[in-house]
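Comments concern the structure below.
The values are calculated or read from the model by the stated rules, or taken from the named source; none is laboratory data. Worth saying up front: this structure is predicted, and the values here are computed from it rather than measured. Please note: Cβ atoms are built from the backbone with ideal geometry, for glycine as well, and neighbour counts cover all protein chains shown. These area figures cover heavy atoms from the full protein model, side chains too; ligands, DNA and RNA do not enter into them. Shrake-Rupley method; radii C 1.70, N 1.55, O 1.52, S 1.80 Å.
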Amino acid sequence: MWRRLRSALRSLRGSPAAPQHGGGGRLPAAMERAVVRCVPSEPKLSLRFVLPDGSARHMQRDQAEPLGRALARIATNAAKGHGKAGKKSKKARAEDGAEGEAAVPAVRLFSRDGAAVAEEVPNAAAWQDGAVLHIGDARYRVERNPPALTELRLPRSLLAGFPVCPKVSAEFAAPQHCLFRWFREQRPAGGGEAAGEAWVETAAAERVFTPSNALVGLRLKLRCTPGDGEQRYGPAREVESSGPVEAGPGACTFDSRHLYTKKVCGHGSVRAVSYNILADTYAQTEFSRTVLYPYCAPYALEIDYRQNLLKKELAGYSADLICLQEVDKSVFLDSLAPALDAFGLEGLFRIKEKQHEGLATFYRREKFTLLSQHDIAFSEALLSEPLHKELCEQLAKYPLVQEKVLQRSSVLQVSVLQSTTDPSRKLCVANTHLYWHPKGGNIRLIQIAVAMSHIKHVACDLYPSIPVIFCGDFNSTPSSGTYSFISTGGIAEDHEDWVSNGEEERCSMSLSHPFKLLSACGEPAYTNYVGGFHGCLDYIFIDRNALEVEQVIPLPSHEEITTHQALPSVSHPSDHIALICDLKWK
């Protein structure tokens with residue numbers, strides 16, 4: 001273990017020329033490293049170095065402690081190490097006249113300009129990048145908070161023709177500044193079993209790698225060197241795939257759509273996507289496999305397989321805004337966020353209480369910065385926010401409906417974004433997934449009323465007159481009360497959806513909101529297509545006073561959707577279809 005650590009610590013020798021030290025002549029350019037990790041929010045700093053005898057040292061010291069104490073401890077450690085390395089038998093020491101006590105080496109710290117650092121200086125201020133540590137005759141260049149990888153992981157499933165996006169977590173570094181080198185297994189000569197591991201470097205040097213069909217059957221290896229964008233690099237790490245590249249499914253439902261979205265649209269336009277991606281928590285049940293999606297090959301319901309398709313689909317849309325529903329927390333953290341980050345998108349996540357899935361909103365960093373977030377859970381907001389007091393009082397007249405509304409875990413994600421090129425242009429981007437039950441129209445009306453009041457608070461009170469883009473799976477067809485309420489601005493107390501679950505759950509109210517909203521993608525025949533149902537449930541509503549539609553990306557053809565009977569399938573990762581449109585400011 002020490003040998004590996006020593007190798008890692010030595011891997012990046014040869015920093016810029018060293019400063020003059022207190023003792024005279026110039027130090028050699030190549031020195032050992034003394035790696036210091038010092039974070040203001042933590043009480044201690046850590047110091048790692050390798051003694052001349054090859055033993056590694058890892059010390060934790062209080063940041064406020066005087067430097068002299070830390071140097072004394074280093075001297076003691078160095079003496080112990082020297083003593084162990086030069087241990088002799090009692091007889092040999094007696095013959096040599098030695099006492100067995102190792103000499104304590106002189107330990108000093110010099111700043112970059114060659115001046116000795118005073119021993120009363122606190123550790124946090126003393127250990128600066130570029131300083132030189134002397135331990136006897138040995139010299140160490142101090143590297144304070146160098147780039148370091150904390151996690152490097154490859155997806156479990158690799159498909160030819162589909163992007164492989166590693167999860168890269170780093171400290172004092174950023175993935176966009178790291179160096180990447182991809183390797184493939186050496187294919188055994190004559191088709192026999194390989195005698196040993198041999199890797200061949202590919203031409204790819206990007207963060208995302210798409211294996212070709214020629215790599216089917218071979219494992220991949222990634223070597224990543226962390227960087228901070230200021231020409232500082234830390235020790236490289238390697239990770240190998242757990243399995244080989246497998247053959248892809250061939251043509252997918254989204255391939256033809258990508259022909260319209262090859263490039264990111266200009267700064268005056270915004271490409272928006274709304275997509276219910278089918279949570280793994282719902283796809284991986286016996287009920288799903290045998291009742292909901294019996295026509296779908298079991299392997300195509302596996303999350304690792306579907307993630308390959310999803311990442312390729314979403315990356316290929318070159319979107320500026322992506323609003324996703326039914327996003328498993330682990331899928332967001334370990335798969336989608338790292339993958340879409342590599343394509344320039346920043347992700348925000350809001351989980352549903354009591355469940356393992358929620359909403360995700362991604363925005364293109366080149367075009368937008370995040371000003372604020374205003375997420376709510378409908379049930380909590382209804383009870384606790386003065387904004388909804390009148391609605392809450394009305395709802396209290398219908399205890400059966402009130403109970404159902406308060407039991408739901410549905411959430412609303414609201415993000416305020418600002419254009420990076422025109423700060424006067426701001427957007428209120430809302431994302432939701434309403435109650436699913438076919439007879440729950442009255443519940444959805446209450447949820448959407450809370451949503452519109454909250455969006456009004458953000459887009460009219462907090463940020464007066466900013467345009468709204470409202471995406472989601474509304475579980476409502478164009479003939480529903482919810483769709484009518486959103487698009488017309490009001491709903492009458494005698495609308496049929498107030499009695500969607502029978503007279504005993506009648507809930508009659510008159511509701512209104514001030515927005516002029518338009519379904520940017522119109523009213524497709526369906527956005528959800530499963531064995532027992534197909535209909536339009538998903539929408540991208542836009543503020544028609546401020547935004548207009550440049551183009552709507554056509555949905556896949558009916559033939560494509562039904563190639564494998566229904567959705568999901570081996571060529572489509574969800575039971576819903578993504579909505580995509582290009583918008584521009586009026």
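Data overview
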| read-out | value |
| --- | --- |
| Filter result (surrounded by fewer than 18 Cβ atoms within 10 Å (Cβ to Cβ) and in contact (Cβ under 8 Å) with a residue 12 or more places away in the chain) within the range 121-136 | Val121, Pro122, Gln128, Asp129, Gly130, Gly136 |
| Pick from the range 442-488, criterion more than 16 Å from Thr432 (Cα to Cα) and among the β-branched types (Val, Ile, Thr), ranking: most open to solvent (accessible area, probe 1.4 Å) | Thr488 |
| In the range 141-173, residue farthest from the chain's Cα centre (by Cα) [restricted to those that are within 30 Å of Ala79 (Cα to Cα) and surrounded by 20 or more Cβ atoms within 10 Å (Cβ to Cβ)] | Arg141 |
| Set Ala319, Ala297: member being buried (at least 21 other Cβ atoms within 10 Å of the Cβ) and of a type in the set (Gly, Ala, Ser) | Ala319 |
| Extreme residue, nearest to Val549 (Cα to Cα), among residues of the range 489-521 that are in contact with a strand residue (DSSP E or B) (Cβ under 8 Å, 6 or more places away or on another chain) and open to solvent by 30 Å² or more (accessible area, probe 1.4 Å) | Leu518 |
| Condition check for Ile351: more than 24 Å from Leu158 (Cβ to Cβ), out of contact with any Asp or Glu (no Cβ under 6 Å at 6 or more places or on another chain) and buried (at least 19 other Cβ atoms within 10 Å of the Cβ) | yes |
| Conditions (1) touching a helix residue (DSSP H, G or I) at 6+ places or on another chain (Cβ under 9 Å); (2) open to solvent by 30 Å² or more (accessible area, probe 1.4 Å); number of the one not met by Val331 | (2) |
| Test result for Arg108, open to solvent by 50 Å² or more (accessible area, probe 1.4 Å), more than 30 Å from Pro249 (Cα to Cα) and of a type in the set (D, E, K, R) | yes |
| Out of Ser424, Ser372, Ser410, sole residue that is surrounded by fewer than 19 Cβ atoms within 10 Å (Cβ to Cβ), in contact with a strand residue (DSSP E or B) (Cβ under 7 Å, 6 or more places away or on another chain) and of a type in the set (S, T, N, Q) | Ser372 |
| So Val264, is it surrounded by fewer than 21 Cβ atoms within 10 Å (Cβ to Cβ) and in a loop (DSSP other than H, G, I, E, B) | yes |
| Test result for Gly531, touching a Pro at 6+ places or on another chain (Cβ under 8 Å) and either over 15 Å from Ile486 (Cα atoms) or crowded, with 21+ Cβ neighbours inside 10 Å (or both) | yes |
| From the options Leu314, Leu278, Leu309, residue that is in contact with a His (Cβ under 8 Å, 6 or more places away or on another chain), part of a helix (DSSP H, G or I) and under 30 Å from Ile469 (Cβ atoms) | Leu309 |
| Extreme residue, nearest to Leu152 (Cα to Cα), among residues of the range 213-240 that are in a loop (DSSP other than H, G, I, E, B) and either open to solvent by 60 Å² or more (accessible area, probe 1.4 Å) or not assigned by the TED database to the domain that holds Leu154 (or both) | Arg232 |
| Every pair of residues 6+ apart whose Cβ atoms lie under 9 Å, when the first sits in the range 387-414 and is polar (S, T, N, Q) while the second is outside any strand (DSSP E or B) and open to solvent by 80 Å² or more (accessible area, probe 1.4 Å) | Ser409/Glu353; Ser409/Lys354 |
| Identity of the residue in the range 242-260, more than 23 Å from Cys581 (Cα to Cα) and out of contact with any Pro (no Cβ under 8 Å at 6 or more places or on another chain), that ends up surrounded by the fewest Cβ atoms within 10 Å (Cβ to Cβ) | Gly250 |
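Here's the yes/no breakdown for (1) acidic (Asp, Glu); (2) closer than 21 Å to Ala170 by Cα; (3) out of contact with any Cys (no Cβ under 6 Å at 6 or more places or on another chain):
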| site | (1), (2), (3) |
| --- | --- |
| Ala115 | no, no, yes |
| Ala118 | no, no, yes |
| Pro122 | no, no, yes |
| Asp129 | yes, yes, yes |
| Ile135 | no, no, yes |
| Arg139 | no, no, yes |
| Glu143 | yes, yes, yes |
| Thr150 | no, yes, yes |
| Leu154 | no, yes, yes |
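Let's see how each residue does on (1) buried (at least 16 other Cβ atoms within 10 Å of the Cβ); (2) modelled with pLDDT under 90:
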residue	(1), (2)
Val39	no, no
Leu47	yes, no
Val50	yes, no
Ser55	yes, no
Glu65	yes, no
Thr76	no, no
Lys80	no, yes
Asp96	no, yes
